[in-house]
Amino acid sequence: MSDTAERKMRFLFALRTKGVTDARVLGAMEAIDRGEFVRGIFAERAYEDMPLPIACGQTISQPSVVGLMTQALEVSPRDKVLEIGTGSGYQAAILSQLARRVYTLDRHRRLVREAEEVFARLGLPNITAMTADGSHGLPDQAPFDRIIVTAAAEDPPGPLLAQLRIGGIMVLPVGQSDTVQSLIKVTRGPAGYEYDELRPVRFVPLVEGIGQD
Ligand code: SAH
């Protein structure tokens with residue numbers, strides 16, 4: 001077996017041992033090569049279960065956390081999904097394998113542009129990436145079946161709760177940026193919102209406004 005094939009096999013095995021057991025999620029994570037989303041000196045560490053630095057002082061999340069969040073989102077093939085925090089584009093690419101359509105927003109133009117290049121190279125036409133302050137959501141395309149936020153807010157942003165379809169699920173980290181945050185699953189039922197705390201996580205903060213680059 002080649003080095004890369006062996007590293008990828010270990011990568012998938014590590015995901016399983018960390019609790020990513022959903023066959024569709026594992027299939028998507030096998031199909032999407034994380035190495036495409038990490039640049040420069042960190043590229044060789046793409047198959048380790050670690051967050052890694054990307055441009056604009058941001059990070060690509062730890063693969064097991066990507067897997068657990070995707071699993072908690074319970075995406076089905078007809079779903080329209082909104083992601084806040086495009087970053088490298090890795091999470092959006094995985095969602096593109098599971099959903100009908102993915103909208104992803106980031107406050108850094110440069111990250112959106114670079115992620116779009118990777119989506120084009122990998123042939124993922126069902127992702128639309130946009131530069132925007134994601135805390136306002138994307139009212140033009142609402143409501144969404146699923147919403148995932150990959151930056152931490154102190155509370156779930158009101159506009160995102162409002163843009164979740166009844167029957168929809170939102171997964172997001174909440175808490176202060178310099179402490180341990182909680183991964184929360186919000187389910188919107190006909191009578192209101194239900195909140196489940198999933199596990200402690202650590203994400204970069206959700207920042208207001210558009211970035212300088
Ligand atoms: N999901 C990404 C990792 C995201 S890191 C991946 O798979 O690689 C968090 C991202 O959230 C950063 O790129 C940051 O720029 C973005 N972000 C922070 N606050 C934001 C906001 N208000 N609106 C949109 N994006 C935001």
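Read-outs throughout are calculated quantities, based only on the coordinates presented, and are distinct from any laboratory measurement. Computed from a prediction, not measured in an experiment: that's the story for all the values here. Cβ placement follows ideal geometry from the backbone for every residue including glycine, while neighbour counts extend to all protein chains displayed.
Cα extents for segment 93-213 along the principal axes, largest to smallest and rounded to whole angstrom: 40, 33, 24.
Panel note: the C-alpha atoms of segment 78-157, placed on their principal axes, show extents of 35, 30, 20 Å (largest first). Every pair of different Cα atoms in segment 3-201 enters the Kirkwood calculation, which places the hydrodynamic radius at 16.8 Å. For Asp213 and Asp140, the difference between the fully extended length at 0.36 nm per residue and the C-alpha to C-alpha distance is 23.8 nm.
Given the chain, what percent of its DSSP beta bridges are antiparallel, to the nearest 5? DSSP beta bridges in the chain are roughly 45 percent antiparallel. Each Cα pair under 8 Å and six or more residues apart adds its separation to the average, and for segment 3-201 the resulting relative contact order is 15 percent. The Kirkwood hydrodynamic radius of segment 36-125, based on inverse pair distances between different Cα atoms, is 13.4 Å. When each of the peptides 33-41, 145-153, 3-11, 78-86 is scored by the mean number of other C-beta atoms lying within 10 Å of its residues, the order from highest to lowest reads 145-153, 78-86, 33-41, 3-11.
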